[in-house]
Amino acid sequence: MDKQKSKKKLSWFYRRFLNNKFTVLIINIILILLAIFLLIQVRGIFEPIHQFVLAIFVPVLVAGLLFYLLNPIVDFFERKFGINRIIIIALLFVIIFLLLILLILFVIPSIVNQIIALGTSLPHYYQVLIKWFAKNFDPHTVKGISDSVYKYTINYFKTSSSEIASFAQDVLKNITGIVGKVASTMVNIVTIPFLLFFMLKDGRKLKISIGSLMPVKYRKSGIRLLEDINRQVSMYVRGQLTVAFFVAVIFIIGYQIVGLKYGLLLGILAGVFNVIPFFGSWLSEIPTIIVALFMSPMMVVKVLLVFVVEWLLESQLISPLIMSANMKMHPVTTLIVLLTAGNLFGIFGVIFGIPIYAVAKIIVGRVFNWYKARTGAYQEIALDEDGKE
């Protein structure tokens, strides 16, 4: 009798708790979180791995971005004309090298000159700003603001001078470390072309190599998941960088036409800001409008006209042609992702938040589809006219 009661109790506990799929899911989540917590407690063990990842992060990131830009070109010429892949890659490297030489000879000197000119003009802009405040606001308030800015500037330069002196002393004391940093930077620069070459040459084999590490049962679905992730990331990277390039070109041409000072510098800045989704173009207009205000009110109108033309070209022509419809996100979703990623990871999160979200969405979608197929919890049940099964 006691055995039967014990069996019933055990049966009830097993049926209601141990054999409950939701309970098992919660237990698995708790175990995963516990494992993460324990790994954090012993993170010192993984410090060599952390240093290794930091060492290769920049060259791998830059080479990966260039891979997504150049790989479609290599694939196209190989497929269309049957040219050997290595020959195409070599020709691309020669073209990139020539473009870098042209950039160094003609574009970079102009950018440096505009940066120097802007730095030289800042005191004049400051005086103009103070005079405008004095004309339109209470003189005592303006004097207070001017004195505060002056004190802040003096303190800043004093602090900067002491920091520079301290830095110089540290350089003299740690000259070996400085040489090591310079050498590390040079190694990164030299490493990028080699990584890019082998990515372009053997990129297809990487998928097969990763697939061979997966269990046979999940290999097909795993490779398909990798293909979907690669498609989303490549589409986003190519789209954003290409759009940013055209945005920079449009702004540079527009600013040159209207006669805006530092047009080349501000146009390039607009292209860089455009890498930030949704907010990029608007943020890039802040320094442009400030510069235009110091020139004339009419220049502000001209700058706004350039912005409107650029916005129309980007939204109606460039983005629809370059960015695939599959990467389109609702503006609210974009805002939430950018705000969350920005708060958590700073500028890195703002730039890479959208592609990370796209990858996470693919993985979560696959896991959810697997869960539906495995449990049948979302299977539609046919009902009769009375609403019964």
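Search the range 344-355 for residues that are closer than 15 Å to Val272 by Cβ and pair each with any residue that is crowded, with 19+ Cβ neighbours inside 10 Å when their beta-carbon atoms are under 7 Å apart and the residues are at least 6 apart or on different chains. If the second residue must be crowded, with 19+ Cβ neighbours inside 10 Å, the pairs left are Val350/Ile276; Val350/Leu338; Val350/Ala341; Ile351/Ile276.
Among the conditions (1) touching a helix residue (DSSP H, G or I) at 6+ places or on another chain (Cβ under 9 Å); (2) at pLDDT 85 or above; (3) part of a helix (DSSP H, G or I), Val308 misses just one, which is (1). Contact map, the range 108-127: residues that are among the polar types (S, T, N, Q) paired with residues that are modelled with pLDDT of 85 or more and surrounded by 11 or more Cβ atoms within 10 Å (Cβ to Cβ), Cβ distance under 7 Å, separation 6+ or inter-chain. Pairs shown: Ser110/Leu264; Gln114/Tyr262; Gln114/Leu264; Gln114/Leu265. When the range 269-310 is filtered for residues that are closer than 25 Å to Tyr126 by Cα and either crowded, with 21+ Cβ neighbours inside 10 Å or not hydrophobic (A, V, I, L, M, F, W, C) (or both), the ones remaining, listed by number, are Ala270, Ser284, Glu285, Pro287, Thr288, Val291, Ala292, Ser296, Pro297, Lys302, Val303. Return a yes/no flag: does the range 20-27 have any residue that is of a type in the set (Lys, Arg), loosely packed, with under 12 Cβ neighbours inside 10 Å and either within 30 Å of the chain's Cα centre (by Cα) or within 28 Å of Gln232 (Cβ to Cβ) (or both). Scanning the range 20-27, I find no residue that is of a type in the set (Lys, Arg), loosely packed, with under 12 Cβ neighbours inside 10 Å and either within 30 Å of the chain's Cα centre (by Cα) or within 28 Å of Gln232 (Cβ to Cβ) (or both), so the answer is no. Mind checking whether some residue in the range 112-126 is modelled with pLDDT under 75, surrounded by 11 or more Cβ atoms within 10 Å (Cβ to Cβ) and within 15 Å of Val291 (Cβ to Cβ)? Checked the range 112-126: at least one residue is modelled with pLDDT under 75, surrounded by 11 or more Cβ atoms within 10 Å (Cβ to Cβ) and within 15 Å of Val291 (Cβ to Cβ).
Name every residue in the range 336-355 that is part of a helix (DSSP H, G or I) and over 9 Å from the mean Cα position of the chain (by Cα), in order of residue number.
Ile336, Val337, Leu338, Leu339, Thr340, Ala341, Gly342, Asn343, Leu344, Phe345
Of the residues making up the range 73-96, those that are under 13 Å from Phe197 (Cβ atoms) and of a type outside the set (A, V, I, L, M) number 2. Within the range 212-222, the presence of a residue that is surrounded by 15 or more Cβ atoms within 10 Å (Cβ to Cβ), part of a helix (DSSP H, G or I) and within 23 Å of the chain's Cα centre (by Cα) is excluded.
Within the range 77-102, work out how many residues are part of a helix (DSSP H, G or I) and free of Cβ contacts under 8 Å to residues at least 12 places away in the same chain.
17
For the range 210-240, taking the residues that are without any contact (Cβ under 8 Å) to a residue 40 or more places away in the chain and aliphatic (A, V, I, L, M), the one that is nearest to Leu69 (Cα to Cα) is identified as Leu226.
The values are calculated or read from the model by the stated rules, or taken from the named source; none is laboratory data. Because the structure is predicted, anything quoted here is derived from the model rather than measured. In this analysis, Cβ positions are derived from the backbone assuming ideal geometry, glycine residues included, and neighbour counts consider all displayed protein chains.
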